[in-house]
Structures are given as C-alpha cells and as structure tokens.
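A.B. asks: Below you will find the structure I want to go over with you.
The values are calculated or read from the model by the stated rules, or taken from the named source; none is laboratory data. Every value quoted in this text rests on a predicted model; they were computed, and no experiment measured them. Heads up, the Cβs are rebuilt from the backbone with ideal geometry, glycines too, and the neighbour counts pull from every protein chain shown. Heads up: the accessible areas ignore ligands, DNA and RNA and are worked out on the full protein's heavy atoms, side chains in. Shrake-Rupley method; radii C 1.70, N 1.55, O 1.52, S 1.80 Å.
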Amino acid sequence: MPTNKKPTNQKKTQVTAVPERRRELLATAAEVFAAQGYNATTVRKIADRAGLLAGSLYYHFDSKESMLDEILSTFLDELWAGYDAVLAAGLGPRETIEALVTESFREIDRHRAAVAIYQKESAHLAALPRFHYLADSQQKFEKAWLGTLERGVAARAFRADLDIRLTYRFVRDTVWVAASWYRPGGRHSPEEIARQYLSMVLDGIALRT
C-alpha cells in the first residue's frame, strides 16, 4: 500500500536546502562586495563567482541591494546581540571594554567580509532609505563606547586626562581595521587577538620598571 513518507521527506530536504543555499550565496556576494565595492559589483559578477547564471540569483533575491541589506543587517543583529549582553552584564568599565573588544573580534571572525563592507560603504549607504539603520547603529555604537569610557574615568579605572572621544576613535579604528587582514581559521583565534590588542591598549607596549 503506497504511503506519502518519501515525498514528505523530499519536500523537507528541499525546504531545508533553500535557506542553506541563500547563506552560501550571501557569503559569496559579501566577498565580492568587499573586494570590488558595492557600486562596481553587478548581479552577474556575483552569479559568476557562485557558478550560476545571473537569472538564477533572482530565485533567491530580488536585487543586489536586497543581498547587501541581508548581509549587513545579519552582521549588525549578531553584533548587537553580543554587545547588549555585555552592556547588561553589570561589569566594571575595564571589564566592559575587554568584553566589547573580544566580542568585536568574534564578529570579525564570523562576518569578516560584512565588516569590510560596513567599513567602506556605510557612510554613503546610510543616506539611502533602506539603509537608515546603519546610522542608527553607529549612534548606538558610539554611545555604548563613550559611555563606558566616561564611566571608567569617573570610577578612576582609566586616566583622568584621557580625551574620551579620541580614545574611542583610536580603539574603534584599531579593532575594526583588523577586518582588512584577518582571515578565519588563521594562526590566532579571535580571543587571542583580542587579548593582545587589549594588552597594548590598556597597558601599553613599554617595558614596566
């Protein structure tokens, strides 16, 4: 007597494969956007890198803008899930900075290409209606870091003579520029790199006497 088990299983496999294929295509698109820039990247270039006909991409995405939106929003959603957990943990100022830097390197490890795109493209993308959330995220990011540094100065965890905004920019740029050279699976883990960066930022590089 025939059953419907086999067709059902096939359907589940197909449904599962679609999200997985989307992730693969987004990873490919992210690498192309990061290397060539958003404006210079065409759907055909992404399709060529993915080994598809250009028209096949439209089965998954309606435009390259949609692809970029999903790449950046996924990265930022994960970044803020980690940051919000750190900020809600009730840590001291120094421990908060350490945790934020570590979380930043973990995100570079997970989303290196997205971070590179964000670094290069966010300033002009934020002016587009679809990407207004980039400016909102930047403001929230700045508030979190400046607030933590100010709290550290007030608590005497950090030097009283620090220029808070200059310190913020230095730490921000020092951390996120790593996306230009970092490659997942390399010699050092994100946590190991974070420890080295934190040692230099918080303790300096001069020999103590």
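A.B. asks: Given the conditions (1) surrounded by 14 or more Cβ atoms within 10 Å (Cβ to Cβ); (2) part of a helix (DSSP H, G or I); (3) of a type outside the set (Asp, Glu), and given that Arg165 satisfies all but one, which numbered condition is not satisfied?
C.D. replies: Here Arg165 meets the rest and fails (1).
A.B. asks: Does Tyr133 satisfy the criteria of being assigned to a helix (DSSP H, G or I), modelled with pLDDT of 95 or more and open to solvent by 30 Å² or more (accessible area, probe 1.4 Å)?
C.D. replies: So Tyr133 passes the test.
A.B. asks: Pick from the stretch 168-209 the residues that are hydroxyl-bearing (Ser, Thr, Tyr) and part of a loop (DSSP other than H, G, I, E, B): which of them is least open to solvent (accessible area, probe 1.4 Å)?
C.D. replies: Applying the filter and picking the extreme gives Tyr182.
A.B. asks: Criterion first (exposed (fewer than 14 other Cβ atoms within 10 Å of the Cβ) and polar (S, T, N, Q)) does Thr74 satisfy it?
C.D. replies: No: the conditions fail for Thr74.
A.B. asks: Any chance you could count how many residues in the stretch 88-101 are in contact (Cβ under 8 Å) with a residue 60 or more places away in the chain, in a helix (DSSP H, G or I) and touching a Gly at 6+ places or on another chain (Cβ under 9 Å)?
C.D. replies: Within the stretch 88-101, residues that are in contact (Cβ under 8 Å) with a residue 60 or more places away in the chain, in a helix (DSSP H, G or I) and touching a Gly at 6+ places or on another chain (Cβ under 9 Å) number 3.
A.B. asks: Cβ-Cβ distance below 7 Å, separation of 6 or more or different chains: which pairs start in the stretch 25-49 with a residue that is closer than 15 Å to Ile117 by Cβ and end on one that is open to solvent by 20 Å² or more (accessible area, probe 1.4 Å) and of a type in the set (A, V, I, L, M)?
C.D. replies: Thr28/Ala50
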